[in-house]
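Here's a structure for you.
The values are calculated or read from the model by the stated rules, or taken from the named source; none is laboratory data. Note that this is a predicted model, so its numbers are computed, not measured. Positions of Cβ are generated from backbone atoms using ideal geometry, with glycine treated the same way; all protein chains shown enter the neighbour counts.
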Amino acid sequence: MQKRSYNIIFNACLKKAGMLLFFLLLPANSVFMQSNENHPYQEQQEAMVRNQIIARGIKSKTVTDAMRKVPRHMFVPYNTRTFAYNDQPLPIGHNQTISQPYIVAYMTEALDAKAGDKVLEIGTGSGYQAAILAEMGIEVYTIEIIPELAETAKRNLKRTGYNNVNTRLGDGYAGWPDEAPFDAIIITAAPETIPQALVEQLKTGGTMILPVGPRESTQSLKKVVKRSKGIRQTTLLPVRFVPMIRSYN
């Protein structure tokens, strides 16, 4: 009986060692991505893409594929996860929100960025927009002015496997001059006018997508294309975003 007990213990140890070796040999994000693909909100996520995004005219397969893969519920507070795939923005704390899924898709498609592009995001929030861009193979640089949100976004991006996003705490109006120029810039809060410093950090021919307008009124989502002499602006649709701020106390 004692010999049999030793054999059972020995075999159990071998099994554990084998499982450990199996996980060590997997690619770095394989275990996580498998759990993402089978998360409890999978049906809601697919319905979100089908009914809120594709049905409203988003045609980019790269964008819709990213919206299918990035687990939106991991980028909202725990007590709002059941609403993560609803057709609405959600609060993420500090008077900030995560945008409605359709708006995220619309802005991402309008940005017209492709894999390998270098994109600056102003307003990291909870990290969801940055994750969508990273999922598309884009090199992301993102700035958040609220310290608590910057830390939350770092944690969210890390635990969802998007370790290639460059994050920074700072004033979005100043941009990230050390990493300029950028192929594209996306702003997820509304300045009252287009920030000139960000235009200067955009490549000639590059695109900037941003809401513009005062807090008290409906803002306009703008597409700005930088030319060799000046910029060309196009108004896309009316929106309502939190204001883009210069300081946070």
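Here's a check for you: in region 62-101, which residue that is out of contact with any Gly (no Cβ under 7 Å at 6 or more places or on another chain) and β-branched (Val, Ile, Thr) is nearest to GLU135 (Cα to Cα)?
Within region 62-101, the match that is nearest to GLU135 (Cα to Cα) is VAL70.
Here's a follow-up. Being of a type in the set (Gly, Ala, Ser), in contact with a strand residue (DSSP E or B) (Cβ under 6 Å, 6 or more places away or on another chain), surrounded by 15 or more Cβ atoms within 10 Å (Cβ to Cβ) and in the same structural domain as TYR102 (by TED's automatic domain parsing): is that true of ALA180 here?
no
Go through (1) farther than 20 Å from ILE146 by Cα; (2) surrounded by 20 or more Cβ atoms within 10 Å (Cβ to Cβ) one by one and return the number of the condition LYS229 breaks.
Among (1) farther than 20 Å from ILE146 by Cα; (2) surrounded by 20 or more Cβ atoms within 10 Å (Cβ to Cβ), the lone unmet condition for LYS229 is (2).
Here is a follow-up. Would you pick out the residues in region 110-133 that are closer than 27 Å to SER247 by Cα and among the aliphatic types (A, V, I, L, M)?
Going residue by residue through region 110-133, those that are closer than 27 Å to SER247 by Cα are 111, 118-133.
If the condition is that a residue be closer than 27 Å to SER247 by Cα and among the aliphatic types (A, V, I, L, M), then LEU111, VAL119, LEU120, ILE122, ALA130, ALA131, ILE132, LEU133 are the ones that fit.
Given (1) surrounded by 12 or more Cβ atoms within 10 Å (Cβ to Cβ); (2) in contact (Cβ under 8 Å) with a residue 60 or more places away in the chain, where does PRO147 come up short, assuming only one miss?
The number of the failed condition is (1).
Any idea which of GLY116, GLY125 is at positive phi, surrounded by fewer than 20 Cβ atoms within 10 Å (Cβ to Cβ) and outside any helix (DSSP H, G or I)?
On the way: GLY125 fails: surrounded by fewer than 20 Cβ atoms within 10 Å (Cβ to Cβ).
The unique qualifying residue is GLY116.
Also, quick follow-up: So PRO243 ticks every box in (1) surrounded by 15 or more Cβ atoms within 10 Å (Cβ to Cβ); (2) touching a residue at least 60 places away in the same chain (Cβ under 8 Å); (3) farther than 22 Å from ASP117 by Cα but one. Which box is left unticked?
(2)
While we're looking at this one, here's another question. Is it the case that VAL140 is among the hydrophobic types (A, V, I, L, M, F, W, C), farther than 29 Å from PRO91 by Cβ and either outside any helix (DSSP H, G or I) or assigned by TED's automatic domain parsing to the domain that holds ARG232 (or both)? Let's see the steps before the verdict.
On the way: among the hydrophobic types (A, V, I, L, M, F, W, C): yes; farther than 29 Å from PRO91 by Cβ: no; either outside any helix (DSSP H, G or I) or assigned by TED's automatic domain parsing to the domain that holds ARG232 (or both): yes.
The answer is no for VAL140.
Counting residues that are at pLDDT 50 or above, which helices (runs of 4 or more DSSP H) fully inside region 1-97 reach at least 3?
Answer list for region 1-97: 42-47, 61-69.
Does ALA180 qualify as being at pLDDT 95 or above and under 30 Å from ILE54 (Cβ atoms)?
In short, no.
Residues are listed down the side, and each one gets a yes or a no for (1) among the hydroxyl-bearing types (Ser, Thr, Tyr); (2) under 21 Å from LYS223 (Cβ atoms):
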position	(1), (2)
GLY127	no, no
ALA130	no, yes
ILE138	no, yes
TYR141	yes, yes
GLU151	no, no
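May I pose another question? Pairs only if they're at least six apart or on different chains, beta carbon under 6 angstrom, first in region 163-176 and of a type in the set (Phe, Trp, Tyr), second modelled with pLDDT under 95; list them, first residue then second.
Short answer, once both residue conditions are applied: TYR173/ARG246.
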